[in-house]
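Quick notes on the structure that follows.
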Amino acid sequence: MKTVAEFEIKYCQFLDAEGNIASSAPELARDTAELLKMYRLMTLVRMFDAKAINLQRTGKLGTYASCLGHEATHVGVGAAKHPDDVLAPVYREYGAQLWRGVKMSKILLYWGGDERGNDFNAARQDFAWCVPIASQMAHGAGVAMAMKMRGEPSCSVTFIGDGGTSEGAFYEALNIAGARELPAVFVIVNNKWAISVPIESQTATRTLAQKAIAAGIPGVQVDGNDIIAVRHTVGEAVTRARRGGGPTLIEAVTYRLSDHTTADDASRYRNVSEVQEAWRREPLSRIRAHLTKLHVWDEAREEMLKAECAREVDAAVDEYLSADKQSTDAMFDHLFARPPNSLREQREMARRYAGRH
Ligand SMILES: Cc1ncc(C[n+]2csc(CCOP(=O)(O)OP(=O)(O)O)c2C)c(N)n1
Ligand SMILES: [Mg+2]
């Protein structure tokens, strides 16, 4: 017996939970303008998230998937991408979408059950939210194949959850991306839970990043609560993909601090102590500590930022709540060129009910 191949998985972290920066950190760690821009959006997203949950609780929004705790991963991915790249999200990566210019009111529209929320005002080449788990992997690989065939210098970036990596579509997309050297970056958001299924029951693998090995592509793990590490690692992968260097799988290790969605109650299956422990590693406080050490942040600026974000969120909520009501016909539009009789009947029925409610 001899060893025919050996592999290793690297882990990237520059900013630890206490806000200490590693000496090996890239230039970005001192780029205060860029760090402030990212921190600002992380703060906005957190505030938006809390507001969306309140809207759901008061009957003004449908089921909503919170992004609490994922801010560094989502914003870091958004910031690392080029505007002409294509994003294939799942259903909670608002930080990446807002960085790309999607309005908060669009996100609220979507979760309010209005399809116009999927009709983004910016980054119009990006995919809409994708609830069927892992199906977005095929979209990400497919669009990367189109880019390669057309000789475009851009890439696709696809999000996937830890639970999603157990799906066949996950492996199929990685495989084709490796075989055809596609300009595709896949980011696993390992938040440790897939609704009530913990990562330990999900898979026996030591890391999710090593799932790249079978596809013959680089796999790397990153501290998903360290925005500098996420931005740097995704940035390198995007640059390589855009230059024809092929795909990368990145596992961002973070934690879902919220319930799965507003339809879930995580206290029924998750220990309070685990969540409390995870709060000690959350992403906002460490970048704030770093910015404070760089003398570009203090209490007064924090208060100002919070007030500014609250105003922006309120304006988005007003825009959402004052949107004209969509006709029930919209549910049936764009499904068939010539709708079958069963759908015509349902459309009629919906019209009748709409008049009554
Ligand atoms: C194909 C498919 N199976 C099951 C579901 C139901 N479902 C919705 S979210 C979810 C868990 C996903 O967990 P993960 O991939 O870790 O993403 P997270 O919600 O943690 O971000 C499941 C099973 C679905 N939406 N699609
Ligand atoms: Mg998960």
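So if we plug the beta-carbon distance of Asp314 and Asp84 into 1/(1 + (r/R0)^6) with R0 = 51 Å, what FRET efficiency do we get, rounded to 0.05?
Working from the Cβ atoms, E equals 0.95.
Roughly how far apart, in whole Å, are the Cα centres of the stretch 45-90 and the stretch 124-162?
Between the Cα centre of the stretch 45-90 and that of the stretch 124-162, the gap is 19 Å.
When the chain is fully extended, how far beyond the present Cα-Cα distance does Thr292 get from Ala17, taking 0.36 nm per residue of separation? Write down the numbers at each step before the final one.
Working: separation 275, 0.36 × 275 = 99.00 nm, distance 1.44 nm.
In short, 97.6 nm is gained.
About the Cα centre of the stretch 138-295, how large is the charge dipole given +1 on each Lys and Arg Cβ and -1 on each Asp and Glu Cβ? Please answer in debye to the nearest 20.
Details: 18 positive and 16 negative charges, 113 e Å.
Using only the charged Cβ atoms, the result is roughly 540 debye.
In whole Å, largest first, what are the principal axis extents of the Cα atoms in the chain?
69, 56, 43
Could you tell me how many cubic angstrom of Cα convex hull volume the stretch 46-140 has per residue?
Details: hull volume 8.8 nm³, N = 95.
Dividing the Cα hull volume of the stretch 46-140 by its residues yields 92 Å³.
So for the stretch 75-200, Kirkwood radius off the Cα pairs, Stokes-Einstein at 20 °C and 1.002 mPa s: how many µm² s⁻¹?
Result for D is 144 µm²/s.
To the nearest 20 Debye, how big is the dipole of the chain about its Cα centre, given +1 on the beta carbon of each Lys and Arg and -1 on that of each Asp and Glu?
Working: 44 positive and 46 negative charges, 117 e Å.
Computed about the Cα centre, the dipole is about 560 debye.
Report the calculated FRET efficiency for Glu303 and Glu8 (r = Cβ-Cβ distance, R0 = 35 Å), to the nearest 0.05. All intermediate terms of the calculation are to be shown ahead of the outcome.
On the way: r = 45 Å, r/R0 = 1.30.
E(calc), rounded to 0.05, equals 0.15.
So what is Rg over Rh here for the stretch 191-233, counting just Cα atoms and using Kirkwood for Rh? Kindly include the intermediate steps, with their values, before the conclusion.
On the way: Rg = 12.3 Å, Rh = 12.0 Å.
With Rh from the inverse mean 1/r over Cα pairs, Rg/Rh is 1.03.
Please calculate how many Å² of accessible area the chain carries per residue, with a 1.4 Å probe and no DNA, RNA or ligand atoms counted. Don't skip to the answer; put the middle values down first.
Working: 17190 Å² over 357 residues.
With the other protein chains kept in place, the chain gives 48 Å² per residue.
Taking all protein chains as present, what is the carbon and sulfur share of the accessible area of the chain, in % to the nearest whole number, probe 1.4 Å? Walk me through the intermediate numbers first.
Details: 8950 of 17190 Å².
Roughly 52 percent of what the probe reaches on the chain is carbon or sulfur.
Grab every C-alpha pair in the stretch 235-357, bin the distances at 10 angstrom width from 0 up to the longest one, and report whole percents.
For the stretch 235-357, the binned pair fractions read 9, 15, 20, 27, 20, 8, 1 percent.
5 Å is the cut-off here: which amide hydrogens, built 1.01 Å from N in the peptide plane, fall below it relative to Cys12, excluding neighbours closer than 5 in sequence?
Hits under the 5 Å cutoff: Gln221, Val222, Asp223.
Pairwise over distinct Cα atoms, reciprocal of the mean inverse distance: report the Kirkwood radius of the stretch 237-292 in Å, one decimal place. All intermediate terms of the calculation are to be shown ahead of the outcome.
Working: mean 1/r = 0.0685 Å⁻¹.
It works out to 14.6 Å.
I'd like the Karplus ³J(HN,Hα) series for the stretch 349-355: coefficients 6.51, -1.76, 1.60, θ = phi - 60°, whole numbers in Hz, and an x wherever there's a Gly or Pro.
4, 4, 4, 5, 5, 4, x
Take every Cα-Cα pair in the stretch 147-250 and report what % of them are more than 18 Å apart. Numbers along the way, then the final one.
Working: 2463 of 5356 pairs.
I get 46 percent for the Cα pairs in the stretch 147-250 exceeding 18 Å.
What is the list of residues in the stretch 86-125 whose amide nitrogen lies under 12 Å from a point 7 angstrom out from the Cα of Ala350, following Cα to Cβ?
114-116
Would you count, across the chain, every pair of lysines whose alpha carbons are under 21 angstrom apart, provided the pair is eight or more residues apart or spans two chains?
Counting lysine pairs in the chain gives 21.
The values are calculated or read from the model by the stated rules, or taken from the named source; none is laboratory data. Remember, predicted model here, so these are calculated numbers, not experimental data. Heads up, the Cβs are rebuilt from the backbone with ideal geometry, glycines too, and the neighbour counts pull from every protein chain shown. For accessibility, only protein heavy atoms count, side chains too; no ligands or nucleic acids. Shrake-Rupley method; radii C 1.70, N 1.55, O 1.52, S 1.80 Å.
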